[in-house]
Amino acid sequence: NPEFAARGIIISDNENDGEVVAKLSDGRFIVYKKTGGTLRGIHYGEDDWDENAPLAADILNGEAVDLFIKLTHEEYYKRFSEYFGNTIIGIFTDEPSCVGRGGGWKFKPWYKGVLSDLTDSGGNPEELEALFKNEENETTVIYRKLISEKINNTYYKKLSDWCEEHNVARSE
């Protein structure tokens, strides 16, 4: 589902470049949009930044993660359930990225609803510019906490719970 492609925020000169999160004092905008980030595929021509590299998934979106689990883990379980807990003792997740490869240098993770979560916690959206300057302020601290909680609950916890329910080792 192309709607489940990785998304994030970026600074743009154009307010029509995505969903505006904040207008900055210099006239630029922080916008929320698809990152274009990819992941390493399993076939020739699908490696990082190759033309056919698959788009990274929006792992901060619970629906995207649910579909990922359904299409991968559930399919493995249908075919190999008798081996879960004995031959298949764990499932490995290799360095997931909220923005995908190639998007990480420009984009910062974001999810629908984080703006209200941020402001409800006392953050100021205009101060998010500091993220792109590798600076810290009260808002970036709140932001990092929110993103960490979201990925833990939306991605890692869902995978961990699934593994526990299917007799597969999970990491703590």
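Using the Cβ-Cβ distance between THR119 and ASP13 with R0 = 30 Å, the FRET efficiency computed as 1/(1 + (r/R0)^6) comes to roughly 0.80. Among the listed pairs LYS23/LYS150; LYS34/LYS157; LYS23/LYS158; LYS34/LYS133; LYS23/LYS70; LYS33/LYS133, give every one whose C-alpha distance is greater than 30 Å. Flagged as over cut-off: LYS23/LYS158; LYS23/LYS70. Among PHE132, PHE92, PHE107, the residue with the largest mean-square fluctuation in a Gaussian network model of the chain, with springs joining Cα atoms closer than 10 Å, is PHE92. A Förster radius of 35 Å combined with the Cβ-Cβ distance from TYR44 to GLU165 puts the calculated FRET efficiency at roughly 0.45. Largest GNM mean-square fluctuation among GLU126, GLU136, GLU82, using the chain with Cα springs under 10 Å: GLU82. Of all the options LYS112, LYS33, LYS78, the one that moves most in a Gaussian network model of the chain with Cα springs shorter than 10 angstrom is LYS78. Heavy-atom accessible surface of the chain, averaged per residue, reaches 61 Å², computed with a 1.4 Å probe. Across the chain, the relative contact order, built from alpha-carbon pairs under 8 Å that are at least six residues apart, equals 25 percent.
When a/c is below 1.5 the answer is rounded, else prolate if a/b is larger than b/c, else oblate, so apply that to segment 29-172 with a ≥ b ≥ c taken from the square roots of the Cα gyration tensor eigenvalues. It is oblate, given that a/c is not under 1.5 and a/b is not larger than b/c.
Using just the helices of the chain, give the 222 nm mean residue ellipticity in deg cm²/dmol: DSSP H runs with n ≥ 4 each add -39,500 (n - 2.57), and the total is spread over all residues, rounded to 500. Value at 222 nm, helices only: -8000 deg cm²/dmol.
Each part gets one Cα centre, and for segment 1-75 versus segment 82-116 those centres are 12 Å apart.
Carbon-plus-sulfur fraction of the accessible area of segment 44-134, 1.4 Å probe, in percent? With neighbouring chains kept in place, the figure for segment 44-134 is 50 percent.
The values are calculated or read from the model by the stated rules, or taken from the named source; none is laboratory data. All values reported here derive from a predicted model rather than from experimental measurement. Don't worry about glycine lacking a Cβ; one is built from the backbone with ideal geometry, like all the others, and counts go over all protein chains shown. In case anyone asks, the SASA skips ligands and DNA or RNA and just uses the protein heavy atoms, side chains included. Shrake-Rupley method; radii C 1.70, N 1.55, O 1.52, S 1.80 Å.
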